[in-house]
Amino acid sequence: MDARLESIKDTVLAWNPGEAEFHQAVVEVFESLGPVHDRHPEFLEAAILGRLCEPERQIIFRVPWTDDSGRVQINRGFRVEFNSALGPYKGGLRFHPSVYLGIVKFLGFEQIFKNALTGMPIGGGKGGSDFDPRGRSDAEVMRFCQSFMTELYRHIGEYTDVPAGDIGVGGREIGYLFGQYKRITNRYESGVLTGKGISWGGSLVRPEATGFGTVIFTQEMLKTRGTSFDGQRVVVSGSGNVAVNAIAKAQALGATVVACSDSSGYVVDEAGIDVELLRTVKEVERGRLEEYAERRAGVSYVDGGSVWDVDATVALPCATQNELDGGAAARLVRSGLLAVGEGANMPSTRDAVAVFQEAGVLFGPGKAANAGGVATSALEMQQNASRDSWSFEHTEERLTEIMVGIHDRCAATADEYGEPGNYVLGANIGGFVKVADAMLTQGLI
Ligand code: NDP
């Protein structure tokens, strides 16, 4: 790492003790930014990096609710409003037992660069709770969401902060959250949340956007080597929103997705994942992946283990952070891996990224490859602001343009800084310069 940035990094890490995921995200970005500071010493003088690493506002709150047996439960809620240089804070809410401040800050920090790369007018933020919706009834999820919004509503707004979904927060949760916001404020403020239902202000393609966008970005990377998804053997981790839609898009482009996973195990389906059956099991019935294997001939289910033990030419990690380590990366490289497109946020450890880059594997980092979700959220905000709704075809066309644009910007930035094909560097520098310029112009705030 550049010596000038090393001491800033040390200060940031010491100031945020015990937040391992946030540290990891900060170090990865800092490692790319030395050359930018050679060209822009004014960023150092204005302490842009130090300011960028300190959220503009961090909100932590109590979320009390009653379960179906009448017992009081208490969870912790978070919203980190990280950076508003380019627009209102924008980023999802995650409901998962692993959520704590360090996870929310890593996600919010990544979101700043991702949102800048989309070219849309959105700042970076993230939130969530350690609440676990799995195994909870709809009524319990509703009571939790209502309690969560009863505090959150005072901090958000169409021009202030616009949350959306993430792990554990899908259409059901956004519906309950929006209903409570409307009830408390007596405002039908469509632009306050994205990921809404299609009949009440949502956008077509938003549910598909992150998975589709990841595949579009990866397709653009493959094109630089004269190839495409057609005929590739693909392994996807996860079986949630991002994973299912990545599987659907990859197969529509001619690939065979032979495996996917959940937090209990993985399935191997050499004929190619049956997307309709997967959607029924996971989205309609809210079941486990094991049930997919029970209902389809020729599919094996592996309890526990790692989906990265399955050979692939393209890997799409779409589950969670740090799910693919250096050992798994080396194994995938030995099996003939060509490309990795990160649908999840920071799913590859720093060791894994090093293995991929060393081996010349095309590597699309999450902050670029999975930006299609937030970009389509921004398209949802546009439709809400103009009281309009666009067709599926038009919206998908916009998503495709945006993803191709992000790919090309990352590639051009990597070329400009003398590291062709380094999408990590391209994404970090491309996102950073845009935010840094805006911060500089807006003065010391
Ligand atoms: P979902 O909740 O819909 O699905 C998450 C999937 O990942 C599930 O299959 C889940 O398995 C699995 N998973 C979650 N945590 C773990 C864990 N600790 N270990 C193993 N598997 C796990 O979430 P999304 O699909 O929305 O999000 C997936 C990733 O994509 C996240 O990193 C998220 O931040 C990122 N992302 C999402 C966007 C969106 O629009 N939704 C936008 C950009 C990025 P199980 O069911 O067993 O828990």
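Assorted remarks:
- Anchor K182: aspartates and glutamates whose Cα lies under 13 Å away (excluding residues fewer than 8 positions away in-chain): E158
- Placing R0 at 35 angstrom, the Cβ-Cβ distance between V27 and Q382 gives a FRET efficiency of 0.50 after rounding to 0.05.
- In terms of the mean number of neighbouring beta-carbon atoms within 10 Å, the peptides 228-234, 68-74, 246-252 order highest first as 246-252, 228-234, 68-74.
- Here the chain has an Rg and Dmax of 20.8, 64 Å, counting Cα atoms alone.
- Secondary-structure-derived ellipticity at 222 nm for the chain, considering helices only, amounts to -14500 deg cm²/dmol, per-run term -39500 (n - 2.57) for DSSP H runs with n ≥ 4.
- Taking L379, L277 and counting other C-beta atoms within 10 Å, the order from fewest to most: L277, L379
- Peptides ranked, highest mean first, by Cβ atoms within 10 Å: ranges 386-392, 326-332, 313-319: 313-319, 326-332, 386-392
- Two-decimal Rg/Rh across the range 173-328, once Rg and the Kirkwood Rh are taken from alpha-carbon atoms: 1.04
- The stretch between R51 and D67 holds 1.6 nm of extra length on full extension. This uses 0.36 nm per residue minus the Cα-Cα distance.
- Note on the chain: with charges restricted to the Cβ of Lys and Arg (+1) and Asp and Glu (-1), its dipole about the Cα centre is near 1100 debye.
- Rounded to the nearest 20, the Cβ-based charge dipole of the range 55-189 about its Cα centre (Lys and Arg +1, Asp and Glu -1) stands at 120 debye.
- Spin-label pair R295-D38: with each label point 7 Å from Cα along the Cα-Cβ axis, the two points sit 5.7 nm from one another.
- Annotation for T441 and T160: the two label points, set 7 Å from Cα along the Cα-Cβ direction, are 2.6 nm apart.
- For the pair the range 383-445 / the range 1-65, the C-alpha centres are spaced 21 Å from each other.
- Cross-link table K196/K434; K126/K223; K126/K434, entries beyond 22 Å C-alpha to C-alpha: K196/K434; K126/K223
- Span from the the range 187-240 Cα centroid across to the the range 266-316 one, whole angstrom: 20 Å
Read-outs throughout are calculated quantities, based only on the coordinates presented, and are distinct from any laboratory measurement. Keep in mind that what you see is a predicted model, and the values were worked out from it rather than measured. Glycine also receives a Cβ, built like all others from the backbone with ideal geometry; neighbour counts cover every protein chain displayed.
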